[in-house]
1. Could you list Val23, Val87 so that the one with the fewest beta carbons within 10 Å of its beta carbon is first and the one with the most is last?
2. Pairs Lys21/Lys114; Lys88/Lys143; Lys91/Lys143; Lys42/Lys88; Lys22/Lys114: which are spaced more than 18 Å apart, C-alpha to C-alpha?
3. Do any trypsin sites (Lys or Arg not before Pro) in the range 45-145 lie in a DSSP loop with no more than 13 other beta carbon atoms within 10 Å, and if so, which?
4. If you fit an axis through the alpha-carbon atoms of helix 129-144 and take the longest principal axis of the Cα set of the chain, what angle between them do you get, 0 to 90°, nearest 10?
5. Add -39500 (n - 2.57) for each DSSP H run of 4 or more in the chain, then divide by its residues: what number comes out at 222 nm, to the nearest 500 deg cm²/dmol?
6. So, counting K/R as plus one and D/E as minus one, what does the shell of residues with Cβ under 13 Å around Lys22 add up to?
7. Determine the relative contact order of the chain: mean sequence separation of Cα pairs under 8 Å and six or more apart, normalised by residue count, in whole percent.
8. What ³J(HN,Hα) values, in whole Hz, does the Karplus curve 6.51 cos²θ - 1.76 cosθ + 1.60 give for the range 26-33 when θ = phi - 60°, with x put for Gly and Pro?
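No lab work stands behind these numbers, since they all come straight from the coordinates. Everything numeric here is computed off the predicted structure, so don't read it as measured data. Cβ coordinates were reconstructed from backbone atoms using ideal geometry, including for glycine residues, and neighbour counts include every protein chain displayed.
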Amino acid sequence: MNDVPLTTSQDTEQTAVPVSKKVMFVDDDTFLLDMYTLKFSKAGYDVKAIDSTEAALKLIASGYQPDIMLVDIVIPGMDGLQFVERVKKDKSLSTTTIIMLTNQGSSEDIVRAKNLNVDGYIVKATTIPSEVLKEAEKIWANKKQ
């Protein structure tokens with residue numbers, strides 16, 4: 001008998017479908033999470049919307065590795081910058097593009113984020129969801145070069 005595996009048209013179709021990029025939002029504002037989930041999902045992303053830094057850490061610890069992670073700063077408990085600092089220290093997401101997506105536009109917050117070597121900083125109040133999508137894609141593409 002021949003040991004060559006058979007390939008069905010179904011197998012071929014499955015391998016031809018590109019794998020979507022994974023994006024994770026960490027923000028305690030569920031309205032914004034829903035809005036960004038809709039915008040990024042329609043653009044073909046596999047979206048995880050997490051409403052606390054603790055839940056995000058658990059997801060990462062389970063092995064989840066997003067291509068892009070957008071994090072708010074003001075989150076109850078461990079804030080977004082503390083969360084990013086912890087993620088950066090354990091190096092499990094070294095290939096993930098990390099972007100702060102926050103209403104905190106003070107120079108102090110921006111400096112703190114830059115000191116953590118985040119890949120981008122977007123102020124929510126001045127950016128509509130379609131612009132967040134475009135900016136996140138641009139930051140991700142620049143990091144990959």
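1. Sorted ascending by nearby Cβ count, the order is Val87, Val23.
2. The answer is Lys21/Lys114; Lys42/Lys88; Lys22/Lys114.
3. Lys91
4. 70
5. Helices in the chain give a 222 nm mean residue ellipticity of -14000 deg cm²/dmol.
6. Net charge around Lys22: 0.
7. Here the relative contact order equals 20 percent.
8. Listing the rounded values in order: 10, 7, 8, 8, 5, 4, 5, 4 Hz.
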